[in-house]
Every structure is written in C-alpha cells, then in structure tokens.
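Enquirer: Following this message is one structure expressed as structure tokens.
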Amino acid sequence: MKVTEVRITDKLSNSLQFELHQGGWVRVSPVSSHTFRIQYSSGGTFSDSALIRYGILKQSGHRCPITTSMDGESVVVRTEECELRIALSDGQFTWCGIQSQMSLRTAAPPWSSDAGGFGVWLVLSDDESIYGMGDVAPDRIERRGQKVDMWVAGTNYHAPIPFVMSSRGWALLMNTTWKHTIDIGCQDSDQIRVEGPEGELDFYLYSGKDYGELLNRYTDIAGKPRLLPLWAYGMHYYCTAESGGRQVLEDALKFRQEGIPCDLIGLADGWMDPGQEASAPLRWDTRRLVVSSQDMQGSLNFIDTLHRHGFKLSLSLECNYDLSEYEEQQVGVLSTDGNAPIKSWFDYVRKFVSEGVDSFKVNSVHQTLPQPARSWMNGMHDNELHNLYPLMLGKQMYNGYRSQTRKRPMIHAVVGYTGMQQFTATESGKYGLRATAVVSALNSGLSGHVHTAIHIHVDTPEGIHAGFLQPWAQSNSGRHFRHPCFLEHNQRNLFRMYAKLRYRLLPYLYSAAHHAALTGMPIARAMPLMFPGDSGCRNLFQQFMLGDYLLVAVFSERVYLPEGRWIDYWTGDRYVGPATIEYRPSEHAGGPLFVRAGAILPMWPDMEYVGQRPIDRLLVHIYPYEQSDTLLYEDDGESFQYEVGEVAVTRFLCDANHDRTILQIWPREGAYANMPERRSYEILVHSGSKPASLHLNGERCPEQTSRSAQKKPLSGWKYDRLTGIVRIYAEESLVNGEPVRIELSYAAAAHKQPGMQAIGRSDTVPSPIEGNGSAAVRRDSERWLHIALDTCRYDEVSEALNVWWSNRIGASTGPDNWRVLLLEGCLLIVRHAERRGWSLGQSFGIADNPLAQLETKSPEEGLELLRRLAREVIAAAIKTSESVGHPVIREVITHVQQSLHKKLSLQELADQAGFHPVYLSRLFKKETGLSFTDYVMQRRMERAKALLESGMKVYEAASLSGFADVSHFSRIYSRYWGRPPVSFRRK
C-alpha cells in the first residue's frame, strides 16, 4: 500500500493536503467549525479561483481548531461541529454534521483533470429537498429533477448561482466561474452531479441545522447583502423610451398630482448620444436632454427639477468594456509604471454622478452573449470570464459610486453570479413573465441574493399586487404607455392604494433588509425558509413570506396557510392552519395578503417620497397572539455609518392570553445622524373586542370620548367597533431602559373563545358597553349587528352574527328556544334591509329564499341560515348601489355608506376621484336625484333611526351617525322625522 503523507500547508488556516493512492491530490481548508473548502488537483498544485482572486469570496483570517487522524484507509478532519472523512484510495468522502450524523457522501470518486475538467457526484436521498442555484429555470423552487447550466444567459438564466442546500443540513458552493452543470436527480434520481469540461474541482461544504443557518454561513463566504439607500425600497418608475426632458418631468409630476408615492424616475433607451450605448465616452443626447454646466442655468435643468420634487434619477447603461485590466491592477499584477492609471468602467460615468444622477441600471444585452473569440486583458478564456463579468461590472460601479459620493449605491443589474448581493439589486424575468418572475425572485433569495424585484404589471390587479409586495418595486413603461396615471379609474386607484401600502410598510421592510444584511435571510422568503418542517411548504412557489409576518400569494386562487393563526389583511377574516383555502380577493385588492397572528407591524404615515417629512410618530399595528416580538432598525438611510454601528434599534414585545394583552416598547438603543429626538406611537391593537380597562405605564388610561377627542386628540384610547381595533397614543419612555407598557384587560364576557373557526369567523367576543346583565349584552350585540350590516362587508356581519347568536343562546331558558331566536334574527336582518331601501328582489324567491328553509335541526344550522340570509341582504345592498350608472358615483356611495360615523367631505372625495368638486356634485345629483349633502343627511338619519329603534342611547346613535354634538343632532333629527330622537328609542 502506498504511504501517504498529510502535510499542513498553511499553519494559519490549518490547510492540509495529501496524495491519493490512485493519483491526484486533495487539499482541505477548514474555514470554520462548520465550513470546509475542498480542492482536488491532478498534479498537486492548487490555485485560487477568479472569485477569490478578485475579492468576491471572503477569506477568513482566523485559525480554526481541528483534529486530524489517518488510519491507512482514510484521512479524517474534525471540528467541534462536523467531520470530513476522505478515502485515501480514490478521494471519495463523507461529510457529517452536528452530532456526527452522516448528511452527505459521494456516489463516485471526484475528479479534477487538466484534460477532462472536473466533477463530483453526491448521493441524493429519497426524502431530501434541494434548494438554490439562483435565478435559473424558474418553474419551481424545489430543484429535484432539474439539470441546469451555470452560465449567464438570457431569459430564465439571468443569475445562476452554483450553490445548493439540503433539507439534511448541508450546503455546497462551487468555487468556480468556469461553465459547468448541476444535475439534481435528473439523469439519476438518486444522485447530484456537478460537472465542468474545464477548470479544477474546488468547492465549499457547509453544515447547519436549517436553511436559515446555512444561508447565514454561505453568505459569510459569498458576502452579506449590503443595504440599499432607504429610498430605493420605495417605488421606481422607468419612463417611456426616448422621452425628452419635458416628458420626463411630466411623467414625474403626474405621480405627485395623483397622490401616488414614487422615489425614482429612470431613463431607459435614448438618453445617450446615438452610437455610444456600450462604449466610452458616454454623452447626453443634447437634442432632448439638456444638462447645462453653467451655474446660472444649472438649477433649472431637468435633474435639479426632479430633485426639488423629491425624485432620484437613474440612467440605463450597456457595457462591453474590458473590465479585467482594472481588476488586475487592483490585485497588484499590473503596474502603471508612471503612466495614467487604468480606468474602471465607473470612471466613464463619474461625470453623470457629478451632474446629479443618483442610480444606474445596467442592461444585459452584451453580458448574456458568449464571446469565444475575444481576447481579455487578464488572459482568461471567455468560458471562465463570462460568469465573472457581471460581478466585475457591479463591483466597479458600486465601489466607484461609494468612493465619489460616500453614499450607498443603487446599482440595478439584470444579470449576476455568485456574490452579486454585495453590489447590485436585480430584477427577475422579462416584462412578459409574471408568475415565473416571482419564482425566479424566490430562487434568488434561496441563494443568498435578497434585493430582487419583478416588473409591476399595471394592466391587471394581480400584477400590481405581486409587483409591489417585493423587496423593492419597479414599473417599467418601456416603449408603451404603462404609466399608472394613464390607467382606467379603478385600476389607477388600486395602484395608488398598493403604492401607499408599500410606503407605509417601509419601516417593516427596511428592518427586514437590516436583518438580511446581518444574516443573509432574504426579505421575500420562500415558504420552506420559514416553515422547514412543513411538507406542505416544500414546493410552494406562488406564495411567500414578506418579512416575518406577512404572507403573500400571487397569481393563484389557492392559498396554503401553515400551522398557526392567520388574519386576512383586507377583510379581517381569521383562519387556523394548516389549511388550504380557495381565495378570491375583494374588489379593492389584487391578491391574497395574510398577517400571521402575533404580528407587530411598524408603519409610516402616508408620504409621497422617502424623506418628505421626519418620522417622529410611528403607527404600530399589533395582532395579539401568545408571545411575539420584533426589532425595528433605523439609520440615516443613505450613508455607510450603519456598518460602524450608527443604528437605532427599537424592541417591541407583545404577550397575549384570554384575559389580557401586554405590549412593551423599549426606548431606542443606539443613534444615527439627524435621528428625531422624541418618538411617539399611534398603536392599533387588532383585538376584535373592547377592553374592559386599559393601563398605560401602570396608570389607568381613560377611554376617549367625542369631547375629550376634540380637546386632546392624541390622548387616551378609543375602540372602533366596525374594525375591532383599539387605538392608543403613547410617547417613548424618558426613563433610561424602561419600556412603554400598555396593558389591555378584558371582562369575563369578552374572553376569547378557545380555538378559531376556519373561514370568516372571529375568535373574539366583545364585552358589553354597559352593565353585566343579559339585557345590556343583547343591546350591545344587536346594535353591533346593525352597524356591521351597514358596512356591507360579510366578515363584519358574520362576526357580529356570531356574537349576537352566542349571547342570545346563552341567555335563553329552554333547549329549543333557539328556533324562536332564529325567527327573531331573520326579522331583525330583513327589517334592517327594508329601512335602508335595499331592494331584495328576485333573490328572495320561494325556491332560493333562505327563510323557506327553517326546517333546521340544530343551533349550528340556524346560525348558518342567518349567515346565508345576511349574504342575500349584502348582495341586495350592493345591487342597489350598483343601480347607479356611473362607476365613480357608485364608489362615492359605497364610501359614504361605510363612513357615516366619520366626517365626510365632497372636496376629499373629489380629490380622490380626480374630479373638480363642482363637477362631482353635479354628477352625483344627476345619478342619484339628490345633492351630496342631502344624500348624506338622508343616510345618517336612517342609520340614527335604526340605532335608536334597536335600543341605543341618543348620544351613542348621534356619535355613530357622524354627529359630534348631541343637541345639534337632536335638532336635525326632530326636523327630519318630525319627532325627537328619544321618542324613537326602544325602552
């Protein structure tokens, strides 16, 4: 037997190498206790890959403690977390993770040959799931059965990343830029095959307890994602190709006029002097875009005008420049010898940054095409440099912008490779791709790249929904008129609503970006990342988690809810998982959006662009469930001071059970430039029931009344019965280290029920308004039902029916009294419809009439019948409102019906509709026969009458009908109905 010597070749890193009996050499470099670099060589010489040579992969300078042993048949290298055993005969190996459980082994001897390239075959277990490989083959996220070329190409192969991770706790990164393939059980179902016709076998092996830990350890080597500037997480819009300066400004100002938030305006094709698209020097096309260098005119050019209105400017570029010469100079190989320094690509765009350009988009035209005949300055063949090119370009653009401005770059790339998350944000898919673009983005996140966007398809609600709920958002007009302000009314309103939602969510998304920069966990997370033990999530690619708490489904009418409790963001409906549900979004939404119970969502107030106003007050939405916490990260949003710790972190903790909910908000830890001195909070607790009492920092906090709200609108607390939300105002604690503490206590009648029904059912019952007797409970639940019916929202009505039914059943004296209650409930609902003038019409024919089916056999069937009747009434109400011809007036009527308890302004409604108030007033009267004022008064009087007849007190009916002053309400009511309100009140 051949005697093999194991030599330590690098004492600092404990690298060791040895010769195999059948020929060839192996080098093992323990990077850390959980990560090894392994190289195979035919001749015993080992070179660094281009990824290491040009600083893409990070080299650890720390010595990793190891133990080694050799028994004549194998070499064993151990750390405290893993073990690598390599057979001396042929180089086959086993890789064991934590607790020495075997997690990976080879299926054949690995090879590395100057003539034959390299390869490694690994055993693939039957129950093993594999994820990774970047933005390639976007038909799914679980990679079994796929064979993929690691080669930057066109659509569907924009960003290959030779990284895979397994459900068995291991991951592999190929340390090469040479063209190669990764086969995950395609040719042989029980094998993973990695093969390349050129280059040497060089790879990293990782061990970890789950996908999150593997991503963290992988990005320790491949580079952590770097934060974008805060504004880059907002809305980006790319103008129609060949737009002139005036058209660009008009496109920008349309966003402000329509109230649609936007931060970046991008110029696509045509801004450059013709013929200069991919080579230096680059110049403006001054026929359409004038950027004067004269001081007197500089403030009047289109770039400065954009800046004054809160916009950033981005330019699209193409590049076919030889980037390798500059990189060789950076690693010290080339010397200028007194000659002019070699320029990076950024040096040719530096002047545009001086003129005010804030961002660049690098197109993929030249980067996806092979150039086998080209001679690169560093001596590489195109098969080795092709994948490296987008990394060098992104790196030079990133470092150049950072050096010139001292600000974070927003470099928008289309293609990429391993390590691109350090330099660029990317888009996935062409504009025509929809669902597959989302899959591409998820696969990028599963491979360590977190800043991926898709195109917002403005022509469909689903496209708007999917495009806005991404790590960053972009809308590309291209050569078409895709500006959102050109959309028809409903679609434009939907776009505006999603844009505003995104900007409200920016503190939540930015905190997720900070977490990504620390751990490699993406912002948009494929379901297996969050629920690795749930087999139902294994290959879900039409839904994902956006941060910790939001579940987004796209281009699908089926949603899988993992274990836990979930709240429909749009309707408030509550669900219990695991469950697969059929889902159709309401008209004002483009797709499913669920909140995970326990969520803590910090939000901004509405704004048109990032930095429009200082954020001294945060809205914090709380969805109480058991114990949950979150961290809010804040910094200056543009510099690199966050890298040296200039970050403020706020911790939120919520602890909830049947009796009480406790929220604690700690003072901000840390500081950054221009941080607001004080912070206040508007806290919205989605409790579903009114608390019996509320304490703020140990002291009882008063409930807000209409009078106290006028005097001190930002004090006390208020419960909104229509939404089930408790609103509280609080100030950041002035006592060092002491948190703001808010405790909501619930009366016995308000205890949350054990468990939660599947669809449209709440898990809470509100406490009565007054007293503890059954009469008070009855009055409370009945008036809530009237209010819910007025909203025409089934989720509100269903919850109110649940409460009304359970309270009435609990107060009944006989086992069969529920039949009488069923009749009472039917009568209550029908009379409400009659008072509102909702025409029940043919839906109440004998055959389909729910009232004709009173032969129910149980209280549960009785409640279900009431729900069916409520659906009929809601449908009749909607049909009545839809009898109005003009769609804008229908929307106004719907808004009025749902907001009678609030202040209603024709001016505000006109602004939302984009109409002049006079025109809207005339149109409203033409469609309804009543002026807007008369119509609102009529509806308020009808609501007040119904509430009084249900037993509500005069001041309560006044408040819920939009009157702050009771005496004023009484005078108006008496003139309208001819009798004072107290005479209508049921005793």
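Enquirer: How about segment 897-962: which helices (runs of 4 or more DSSP H) wholly inside it have at least 2 residues that are of a type in the set (Phe, Trp, Tyr)?
Expert: Hits in segment 897-962: 917-928, 932-949.
Enquirer: Mind telling me which of the residues GLY43, GLY72 ends up being in the same structural domain as SER125 (by TED's automatic domain parsing), more than 23 Å from GLU195 (Cα to Cα) and modelled with pLDDT under 90?
Expert: Just a single option satisfies the conditions, and that option is GLY72.
Enquirer: Would you pick out the residues in segment 223-248 that are in a helix (DSSP H, G or I) and either surrounded by fewer than 21 Cβ atoms within 10 Å (Cβ to Cβ) or within 24 Å of the chain's Cα centre (by Cα) (or both)?
Expert: Within segment 223-248, LEU230, TRP231, ALA232, TYR233, GLY245, ARG246, GLN247 qualify.
Enquirer: Let me ask something else. Within the bounds of segment 838-850, is there any residue that is under 27 Å from ARG721 (Cβ atoms), modelled with pLDDT of 80 or more and in contact with a helix residue (DSSP H, G or I) (Cβ under 6 Å, 6 or more places away or on another chain)?
Expert: no
Enquirer: Right, next: Has segment 450-473 got at least one residue that is on the phi > 0 side of the Ramachandran plot and either in the same structural domain as TRP376 (by TED's automatic domain parsing) or out of contact with any Pro (no Cβ under 6 Å at 6 or more places or on another chain) (or both)?
Expert: no
Enquirer: Another question, then. Looking at (1) under 28 Å from ALA648 (Cα atoms); (2) touching a strand residue (DSSP E or B) at 6+ places or on another chain (Cβ under 8 Å); (3) at pLDDT 90 or above, find the lone condition where LEU714 falls short.
Expert: Evaluating LEU714 over (1) under 28 Å from ALA648 (Cα atoms); (2) touching a strand residue (DSSP E or B) at 6+ places or on another chain (Cβ under 8 Å); (3) at pLDDT 90 or above leaves (3) as the failure.
Enquirer: Sticking with this structure for a sec: Does GLY814 count as in a loop (DSSP other than H, G, I, E, B) and either at pLDDT below 65 or surrounded by fewer than 21 Cβ atoms within 10 Å (Cβ to Cβ) (or both)?
Expert: yes
Enquirer: Quick one: which of LEU391, LEU433 is among the aliphatic types (A, V, I, L, M), at pLDDT 95 or above and either under 19 Å from GLY134 (Cα atoms) or assigned to a helix (DSSP H, G or I) (or both)?
Expert: LEU391
Enquirer: Taking segment 142-200 as the search range and keeping residues that are of a type in the set (Val, Ile, Thr) and part of a strand (DSSP E or B), which one is surrounded by the most Cβ atoms within 10 Å (Cβ to Cβ)?
Expert: Among them, the one singled out is ILE161.
Enquirer: Restricting to segment 559-588, give me the number of residues that are under 26 Å from PRO138 (Cβ atoms) and either of a type in the set (Phe, Trp, Tyr) or crowded, with 20+ Cβ neighbours inside 10 Å (or both).
Expert: Number satisfying all stated conditions: 4.
Enquirer: To continue, here is another question. Does at least one position in segment 541-558 carry a residue that is part of a loop (DSSP other than H, G, I, E, B), of a type in the set (Lys, Arg) and surrounded by fewer than 22 Cβ atoms within 10 Å (Cβ to Cβ)?
Expert: No - not one qualifying residue is present in segment 541-558.
Enquirer: Taking the stated definitions as given, is VAL649 modelled with pLDDT of 95 or more and surrounded by fewer than 20 Cβ atoms within 10 Å (Cβ to Cβ)?
Expert: yes
Enquirer: If you don't mind, another one. Would you be able to tell me the number of residues in segment 596-637 that are closer than 30 Å to HIS307 by Cα and β-branched (Val, Ile, Thr)?
Expert: Of the residues in that region, 2 qualify.
Enquirer: Mind checking which pairs have a first residue in segment 728-742 that is farther than 15 Å from HIS695 by Cβ and modelled with pLDDT of 90 or more and a second that is assigned to a strand (DSSP E or B) and hydrophobic (A, V, I, L, M, F, W, C), Cβ under 9 Å, 6 or more apart or different chains?
Expert: Final answer for the pair search is GLU731/VAL740; GLU732/ILE665; GLU732/VAL740.
Enquirer: Would you confirm, using the coordinates I've provided, whether VAL120 is buried (at least 18 other Cβ atoms within 10 Å of the Cβ) and either farther than 21 Å from THR35 by Cα or of a type in the set (Phe, Trp, Tyr) (or both)?
Expert: Considered against the rule, which asks whether it is buried (at least 18 other Cβ atoms within 10 Å of the Cβ) and either farther than 21 Å from THR35 by Cα or of a type in the set (Phe, Trp, Tyr) (or both), VAL120 comes out as no.
Enquirer: Please report, ordered by residue number, the strands (runs of 3 or more DSSP E) entirely within segment 565-677 with at least 1 residues that are over 23 Å from PHE468 (Cβ atoms) and within 22 Å of the chain's Cα centre (by Cα).
Expert: In segment 565-677, the matching strands (runs of 3 or more DSSP E) lie at 574-582, 617-622, 627-634, 648-656.
Enquirer: So, in segment 511-526, of the ones that are crowded, with 23+ Cβ neighbours inside 10 Å and in a helix (DSSP H, G or I), which residue ends up nearest to the chain's Cα centre (by Cα)?
Expert: If we take residues in segment 511-526 being crowded, with 23+ Cβ neighbours inside 10 Å and in a helix (DSSP H, G or I), then ALA512 is nearest to the chain's Cα centre (by Cα).
Enquirer: Can you tell me which residue within segment 350-392, out of those that are touching a Leu at 6+ places or on another chain (Cβ under 6 Å) and surrounded by 21 or more Cβ atoms within 10 Å (Cβ to Cβ), is farthest from ARG283 (Cα to Cα)?
Expert: MET392
Enquirer: Hey, could you check segment 403-420 for residues that are of a type in the set (Val, Ile, Thr) and either assigned by TED's automatic domain parsing to the domain that holds ILE56 or without any contact (Cβ under 8 Å) to a residue 60 or more places away in the chain (or both) and say which is nearest to ASN320 (Cα to Cα)?
Expert: Applying the filter and picking the extreme gives ILE411.
Enquirer: So the check is Cβ under 7 Å with 6+ separation or different chains; which pairs have a first residue in segment 457-473 that's assigned to a strand (DSSP E or B) and a second one that's not basic (Lys, Arg)?
Expert: Going by the 7 Å Cβ cut-off, the qualifying pairs are ALA473/MET235; ALA473/HIS236; ALA473/ALA453; ALA473/ILE456; ALA473/GLY467.
Enquirer: What about ALA910, is it more than 24 Å from ARG985 (Cα to Cα) and surrounded by 19 or more Cβ atoms within 10 Å (Cβ to Cβ)?
Expert: Considered against the rule, which asks whether it is more than 24 Å from ARG985 (Cα to Cα) and surrounded by 19 or more Cβ atoms within 10 Å (Cβ to Cβ), ALA910 comes out as yes.
Enquirer: Take the residues of segment 79-92 that are more than 41 Å from the chain's Cα centre (by Cα) and part of a strand (DSSP E or B): which is surrounded by the most Cβ atoms within 10 Å (Cβ to Cβ)?
Expert: Per the stated criteria, the residue is ILE86.
Enquirer: If you take the residues of segment 557-570 that are in contact with a Phe, Trp or Tyr (Cβ under 8 Å, 6 or more places away or on another chain) and either of a type in the set (A, V, I, L, M, F, W, C) or at pLDDT below 90 (or both), which of them is farthest from SER535 (Cα to Cα)?
Expert: Per the criteria, the residue is ILE567.
The values are calculated or read from the model by the stated rules, or taken from the named source; none is laboratory data. Just so it is clear, the structure is predicted and the values come from calculations on it, not from any experiment. Note that each Cβ is placed from the backbone with ideal geometry, even for glycine, and that neighbours are counted across all protein chains shown.
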